[in-house]
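Below is one structure, written out as structure tokens, with a few remarks after it.
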Amino acid sequence: PMELNDGKHQIVEPPEGYDRDDGYDDLLEAIEVGEGFYLSCENGHGYLPPRRVCPDCGSTAIEETPLAESGEGVTRTVVHVPSPQFADDAPYATLVAEFGPVRVTGIVLDAEAAPDVGDPVRPVVETSETREDRLLAFERA
């Protein structure tokens with residue numbers, strides 16, 4: 001697994017009183033230590049947690065599958081007028097990246113540095129300035 005003790009990254013602790021979202025927070029914790037994953041069924045469909053049933057084929061045989069260390073940006077939108085939960089973060093970019101059979105949506109808090117469509121990206125965990133929530137984010141790979 002990739003080490004993030006490079007002085008640039010750190011594990012972000014949730015703020016006091018934070019309500020844990022088991023599937024999402026499990027994913028964020030795994031990404032923080034370089035062990036990102038997605039859920040896949042025996043038919044090769046892939047989705048992010050939480051899932052108990054594959055939405056494509058109905059299979060309940062779902063297992064954790066390692067997420068590739070990098071993916072490719074497939075679409076990007078820069079948000080200048082945010083919802084209230086991101087008011088202090090704007091402008092930021094929302095990016096969808098393809099990691100093999102799964103597409104992952106995340107943000108880039110520095111919109112000017114946001115990767116373009118086709119750029120390689122890797123998932124990281126960032127903290128929202130507005131609410132101090134932990135977020136799935138991307139940076140250039």
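The values are calculated or read from the model by the stated rules, or taken from the named source; none is laboratory data. Just so it is clear, the structure is predicted and the values come from calculations on it, not from any experiment. Note: ideal-geometry Cβ built from the backbone for every residue, glycine included; neighbour counts use all protein chains shown. In case anyone asks, the SASA skips ligands and DNA or RNA and just uses the protein heavy atoms, side chains included. Shrake-Rupley method; radii C 1.70, N 1.55, O 1.52, S 1.80 Å.
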- Query: Which of the residues that make up segment 40-54 are open to solvent by 20 Å² or more (accessible area, probe 1.4 Å) and either over 17 Å from Pro123 (Cα atoms) or not in a loop (DSSP other than H, G, I, E, B) (or both)?
  - Reply: Glu42, Asn43, Gly44, His45, Tyr47, Pro50, Arg51, Arg52, Val53
- Message: So, Leu95, is that one modelled with pLDDT under 95, within 16 Å of Phe138 (Cα to Cα) and among the aliphatic types (A, V, I, L, M) or not?
- Response: no
- Task: Starting from segment 23-34, keep only residues that are more than 17 Å from Tyr47 (Cβ to Cβ) and in contact (Cβ under 8 Å) with a residue 60 or more places away in the chain, then list their pairs with residues that are surrounded by fewer than 16 Cβ atoms within 10 Å (Cβ to Cβ) and of a type outside the set (Phe, Trp, Tyr) whose Cβ atoms are within a distance under 6 Å, requiring at least 6 positions of separation or different chains.
- Result: Glu32/Ile11
- Query: Of everything in segment 76-86 that's out of contact with any Lys or Arg (no Cβ under 9 Å at 6 or more places or on another chain) and surrounded by 11 or more Cβ atoms within 10 Å (Cβ to Cβ), which residue is nearest to Arg131 (Cα to Cα)?
  - Reply: Pro82
- Filtering segment 55-106 down to residues that are part of a strand (DSSP E or B) and of a type in the set (Phe, Trp, Tyr) yields Tyr92, Phe99
- Of the conditions (1) exposed (fewer than 15 other Cβ atoms within 10 Å of the Cβ); (2) touching a helix residue (DSSP H, G or I) at 6+ places or on another chain (Cβ under 6 Å), Ser59 fails just one. Which one is it? (2)
- Can you run down the residue pairs with Cβ atoms below 8 Å, 6 or more apart or on separate chains, where the first is in segment 105-124 and among the basic types (Lys, Arg) and the partner is open to solvent by less than 20 Å² (accessible area, probe 1.4 Å)? Arg122/Gly71; Arg122/Phe138
